[in-house]
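In what follows, a structure is listed as structure tokens, so that the remarks can point back to it.
The values are calculated or read from the model by the stated rules, or taken from the named source; none is laboratory data. None of these values were measured; they are calculated from a predicted model. We place every Cβ from the backbone using ideal geometry, glycine too, and count neighbours over all the protein chains shown.
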């Protein structure tokens, strides 16, 4: 698992304006730093025995978790999304399975999980926390990854890899 400590500046700065006798004073209060600890899987592998059938990822489920949320506002939520870095796996030969062949189902505690399919063009949501997250709160999405059938003329055996990028948003 990879632990990521994410700090975000608050989206809002509180500003006040005082006007009196023809002069103005703008006052800005510094925004509190928001932070959360997020853990995402380092990797998932697919041991493809039959290219005409879907293959479950290994390990069977991978947890994505958050803990230690600090300075979240009452309406602030944490959204965790994933995106493929490239449109296809890399590996031997000139034919490679598309990133969109990877999908997942997810269950959650302390939030809402989303099922989805990898895309190289857009982030797809995996998990969203409820609002009003407190430092003692935590959440987990248990993800079961699947590689769809990858029948393709010219596809060679061997190790094919695909990197993904995780996005963490406080909104």
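The condition (being outside any strand (DSSP E or B) and within 22 Å of residue 135 (Cα to Cα)) is satisfied by just one residue among 68, 93, 73, 43: 73. Entry remark, the stretch 149-159: residues being buried (at least 16 other Cβ atoms within 10 Å of the Cβ) and part of a loop (DSSP other than H, G, I, E, B) number 1 in total. Selection within the stretch 121-138: residues that are within 28 Å of residue 54 (Cβ to Cβ) and touching a residue at least 40 places away in the same chain (Cβ under 8 Å). The member of this set that is surrounded by the most Cβ atoms within 10 Å (Cβ to Cβ) is 127. Among the residues of the stretch 160-171, the one identified as within 29 Å of residue 34 (Cβ to Cβ), in a loop (DSSP other than H, G, I, E, B) and at pLDDT 90 or above is 163. Of all the numbered requirements in (1) within 16 Å of residue 44 (Cα to Cα); (2) at pLDDT 95 or above, residue 79 misses one, and that requirement is (1). With 58, 71, 52, 45 as the choices, which residue is surrounded by fewer than 18 Cβ atoms within 10 Å (Cβ to Cβ) and over 30 Å from residue 149 (Cα atoms)? Going through 58, 71, 52, 45 in turn, the sole match is 71.
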